[in-house]
Amino acid sequence: QVPLVQSGGGSVQPGGSLKLSCRASSVDIINFCRMNWYRQAPGKERELVSSIITPDTIIYIDAVKGRFTSSVDNAKSTLYLQMNSLRTDDTAVYYCAAVGARSVCDAWGQGTQVTVTS
């Protein structure tokens, strides 16, 4: 099956919220891989948004700190990105990815569009 399947994108007004989901085909992906969120805006390079290194060690780029929260639900083998106080420059295609040295840690979600517009 597909290793990572995303859902939850959409269009919201500035200040609104969205929650993205990234369901893994195996909990091993969640447990053994570094779980990252990336985004890519039109004409821009892909950038890292957040990375779950361990459940207690999560990093965010400055642009989203205090607004975005990454988390995992081990029981559901799912990675989430809660996005609050969205602004127009958050508009991008968002991707989840599993990265790491293990062979299972080589997977990307299909991407989902997030559009923030007034």
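Just to be sure I understand the model, the point goes 7 Å from the Cα along the line to the Cβ. What's the resulting TRP108 to SER26 distance in nm?
A separation of 2.1 nm, rounded to one decimal place.
Which aspartates and glutamates have a Cα less than 18 Å from the Cα of LYS44, not counting those fewer than 8 places away in the same chain?
Hits, sequence-local ones excluded: ASP62, ASP89, ASP90.
About its Cα centre, how strong a charge dipole does the chain have in debye, to the nearest 20, once Lys and Arg get +1 and Asp and Glu get -1 at the Cβ?
In debye, rounded to 20, the chain gives about 120.
Run the reach check for LYS76 against lysines, Cα to Cα strictly under 29 Å, same-chain hits fewer than 8 apart removed. What comes back?
LYS19, LYS65
Carbon and sulfur: what percent of the chain's accessible surface (1.4 Å probe)?
Summing carbon and sulfur atoms, their accessible area is 47 percent of the total for the chain.
How many Å³ per residue does the convex hull of the Cα positions in the chain occupy?
96
Can you tell me the accessible area per residue over the chain, all protein chains present, probe 1.4 angstrom, in square angstrom?
Details: 6220 Å² over 118 residues.
On a per-residue basis, the chain sits at 53 Å².
The values are calculated or read from the model by the stated rules, or taken from the named source; none is laboratory data. If you're wondering where the values come from, they're calculated on a predicted model, not measured in any experiment. Note: ideal-geometry Cβ built from the backbone for every residue, glycine included; neighbour counts use all protein chains shown. To get the accessible areas, we keep the full protein, side chains included, count just its heavy atoms, and leave off ligands, DNA and RNA. Shrake-Rupley method; radii C 1.70, N 1.55, O 1.52, S 1.80 Å.
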